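The block underneath contains the structure these notes are about, expressed in structure tokens.
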Amino acid sequence: MRTTKLPAGVEVPVLGIGTWRMGEQPERRRHELEALVCALDNGMSLIDTAEMYGDGAAEELVGEALAGRRRQAFIVSKVLPHHASAKGTIAACEASLKRMATDYIDLYLLHWRGGVPLAETVDALERLASDGKIRYWGVSNFDTGDMEELLALPGGRKVQTNQVLYNLMRRGIEFDLLPWSRQHAMPVMAYSPLEQGVLLGQAEVLRLADEYSTTPAQIALAWVLRDEQVIAIPKAGTPRHVRQARAALDLRLSPIDLQALDRAFPPPRRKVPLEMI
């Protein structure tokens, strides 16, 4: 499994598994548990979740899947902005720890900015780190200006990643946020790399899937993974989907095909507001 380094020096897989909307439907639970186990078995040890996902149901699913295998996983979870006060961040983290039946979270993110002063949240995250409840912390859905503001705060340079929306159809971060992240040697974590399945029906993606004798999902993922400082976290609700995602890591798109994708999905020519879903 190819890895990249967080600013702290720890290596993490460039391909993980997301859990948004997992754990919510009992009839899918067995397949979702099998998917998480399959991800671990295939080196996709980075598992992304959040207290928001299914009001904690996704975290409970993660905890069940990791029973007896906690040390093999790199867990990423998130605190909601309205919980991100000095006391609220601590309480939210402790609730996540309980749901996942673990005593630490590897990487804990502020899900997006809210009304709580950023400095207050950073202080709480640093306290969690010093108490051993989290190993590292980061943010999600932060634009370039937000990141600059964060780094200017006491302790702000401890941030390890920024998880943002990034795929062929959402390339806005390439104009300034992605170059800024490279400059600071900070990997970006790309959520919704398949645009919730919309990319799977796009003509150029379908053409390349046929040319490479692979699936549209693998083409879209291979495009995201072309950048060595981008971590992709696609949702994969079955072992079959996990294995398909893992195969995308070994797919190398040619320069000509990358140019064709640029024509179909043009990169940004100016600053655009950070997109979120």
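Only the coordinates and a few stated rules stand behind these numbers; no lab work does. No experiment lies behind these values; they were computed from the predicted model shown. Backbone-built Cβ (ideal geometry, glycine too); neighbour counts: all protein chains shown.
Observations on the model:
- The residues of the range 180-190 that are out of contact with any helix residue (DSSP H, G or I) (no Cβ under 9 Å at 6 or more places or on another chain) and surrounded by fewer than 22 Cβ atoms within 10 Å (Cβ to Cβ), listed by number, are 182, 183, 185.
- Residue that is nearest to residue 174 (Cα to Cα) [pool: residues in the range 146-157 that are surrounded by 12 or more Cβ atoms within 10 Å (Cβ to Cβ) and not charged (D, E, K, R)]: 147
- Restricting attention to the range 199-232 and to residues that are out of contact with any strand residue (DSSP E or B) (no Cβ under 9 Å at 6 or more places or on another chain) and of a type in the set (Val, Ile, Thr), the residue that is farthest from residue 144 (Cα to Cα) turns out to be 214.
A quick yes/no check of all residues on (1) surrounded by 19 or more Cβ atoms within 10 Å (Cβ to Cβ); (2) aromatic (Phe, Trp, Tyr); (3) in contact with a helix residue (DSSP H, G or I) (Cβ under 9 Å, 6 or more places away or on another chain):
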{"site": "10", "(1), (2), (3)": "no, no, no"}
{"site": "15", "(1), (2), (3)": "yes, no, yes"}
{"site": "19", "(1), (2), (3)": "yes, no, yes"}
{"site": "38", "(1), (2), (3)": "yes, no, yes"}
{"site": "53", "(1), (2), (3)": "yes, yes, yes"}
{"site": "68", "(1), (2), (3)": "no, no, no"}
{"site": "76", "(1), (2), (3)": "yes, no, no"}
{"site": "84", "(1), (2), (3)": "yes, no, yes"}
{"site": "104", "(1), (2), (3)": "no, yes, yes"}
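- Residues that are within 18 Å of the chain's Cα centre (by Cα) and of a type in the set (S, T, N, Q) were ranked within the range 119-167; the one that is farthest from residue 81 (Cα to Cα) is 167.
- Residue satisfying all of: in the range 234-265; touching a residue at least 60 places away in the same chain (Cβ under 8 Å) and part of a loop (DSSP other than H, G, I, E, B); surrounded by the fewest Cβ atoms within 10 Å (Cβ to Cβ) among these: 238
- Residues in the range 190-209 that are more than 20 Å from residue 15 (Cβ to Cβ) and in a helix (DSSP H, G or I): 198, 201, 203, 204, 206, 207.
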